[in-house]
1. When you check Leu268 against the structure, is it without any contact (Cβ under 8 Å) to a residue 40 or more places away in the chain, out of contact with any Ser or Thr (no Cβ under 8 Å at 6 or more places or on another chain), assigned to a helix (DSSP H, G or I) and under 30 Å from Arg220 (Cβ atoms), yes or no?
2. Would you mention how many residues in the stretch 63-91 are of a type in the set (Gly, Ala, Ser) and either part of a helix (DSSP H, G or I) or at pLDDT 90 or above (or both)?
3. Among residues belonging to the stretch 47-81 that are open to solvent by 70 Å² or more (accessible area, probe 1.4 Å) and under 25 Å from the mean Cα position of the chain (by Cα), point out the one that is farthest from Leu125 (Cα to Cα).
4. For residues in the stretch 204-233 being among the small types (Gly, Ala, Ser) and over 24 Å from Gly180 (Cβ atoms), which is surrounded by the fewest Cβ atoms within 10 Å (Cβ to Cβ)?
5. Can you tell which of Leu158, Leu119 is closer than 18 Å to Leu84 by Cα and in contact (Cβ under 8 Å) with a residue 40 or more places away in the chain?
6. Could you tell me whether Leu177 is surrounded by 24 or more Cβ atoms within 10 Å (Cβ to Cβ) and out of contact with any Lys or Arg (no Cβ under 7 Å at 6 or more places or on another chain)?
7. For the stretch 96-106, does any single residue satisfy the condition of being in a helix (DSSP H, G or I), under 23 Å from the mean Cα position of the chain (by Cα) and either over 13 Å from Ala141 (Cα atoms) or among the aromatic types (Phe, Trp, Tyr) (or both)?
8. Is it the case, given these coordinates, that Asp318 is free of Cβ contacts under 8 Å to residues at least 60 places away in the same chain and more than 24 Å from Ser208 (Cβ to Cβ)?
Amino acid sequence: MLIELGLLGLAVVLFFAHGVWLARSQARLSRLTGTGRDSLARLVTSRAVNVEEVAALQSLPKDVQVIAFLEISRNLSGTGKEQLRFVAERVGVVERSRALCVSTRWQKRLRGARILSQLDVSDPLVLRLLGDKHPAVRAQAAEWAASQPSVPVISAMLELLADPATQARFAVQNALLRMGSVVAAPLRDFLEKHTGRAAEAGLRVAESLAEASFSPAALRHSRSDDVPIRVASAKLLGAIADAAAAERLLELIRDDDARVRAAAAQALGRMQHWQAGSLLAESLRDKAWRVRREAGLALRAIGAAGVLYLRRALKGDDRFAADMAQQVLDLPEAAAG
């Protein structure tokens with residue numbers, strides 16, 4: 001009994017001692033981080049580099065330096081970010097981060113890529129990390145690469161559109177969208193040479209860019225045997241919204257798969273292609289609810305002509321078409337748009 005009481009007392013003492021140590025460590029970290037932030041703020045806003053301030057930063061623990069730089073970086077852009085990078089190089093943060101990027105441990109590679117990404121440092125190391133064996137590192141490298149839209153980087157990113165890891169694949173798509181129109185030409189070439197999951201992801205990126213130059217690729221892929229690719233193609237055609245796109249969508253609205261028919265109806269509504277009114281009205285009778293839903297919304301999007309078709313459906317003999325027409329007509333303007 002005495003031994004058990006002694007062990008219990010020891011455990012309580014250790015628990016409280018650990019708590020005191022954590023509190024003091026946190027207080028010290030907060031104090032040092034505040035000092036680092038203050039020094040950085042003065043260096044970034046000053047036109048000349050103060051050697052004493054740089055030395056003060058260098059004297060801080062390396063983890064504290066990183067915290068200070070990352071906290072400041074969130075609020076900077078343009079010349080302020082450039083000055084921050086310059087100071088980071090002087091202090092050694094950039095060089096240490098580069099060293100982390102070639103570590104044998106994926107956690108360190110991830111940390112290095114994250115720091116360099118936050119500081120917007122351009123470095124060929126990003127190409128190496130885009131091919132990293134760990135998906136979290138590839139995802140972080142994709143985020144980093146968004147600020148370095150060179151042809152080799154974009155090409156490497158496009159190849160990752162078929163990445164088996166969802167995290168990396170979505171990060172790549174998001175980064176390509178952030179790059180903007182500079183991606184268009186490489187993406188056109190990519191869509192000409194690829195099929196499957198890579199083509200589907202590429203079509204989704206192209207939809208956001210919505211350039212007419214993607215029309216040949218969208219038309220070709222719309223005839224794929226792969227349903228998700230036909231769906232992505234239909235959405236891209238709706239974004240392009242030219243005559244060839246409208247003609248093909250009028251064919252896709254009769255596709256064997258309900259997902260494709262729904263995407264085609266949605267795309268026609270997006271285009272506000274009023275000439276498709278009669279076909280969309282027919283689709284209100286489709287056996288698939290999603291197709292009826294998208295056809296109704298498309299008719300509403302078309303405007304007065306589409307609303308007329310919806311009102312006719314209310315009086316028709318098909319209760320499913322009438323029910324969907326009523327649902328769509330009852331929607332507020334914002335929800336129907």
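1. Here the answer is yes, as Leu268 does meet what is asked.
2. Number of matching residues: 4.
3. Asn75
4. Only one residue tops the list, namely Ser224.
5. After ruling out the rest, the residue left standing is Leu119.
6. So Leu177 does not fit the description; no.
7. yes
8. When the stated conditions are applied, Asp318 passes them.
The values are calculated or read from the model by the stated rules, or taken from the named source; none is laboratory data. Note that the structure is a prediction, hence the values are computed from the model and not measured. So basically every Cβ, Gly included, is an ideal-geometry build from the backbone, and we count neighbours across all protein chains shown. The area values use the complete protein model at the heavy-atom level, side chains included, leaving out ligands, DNA and RNA. Shrake-Rupley method; radii C 1.70, N 1.55, O 1.52, S 1.80 Å.
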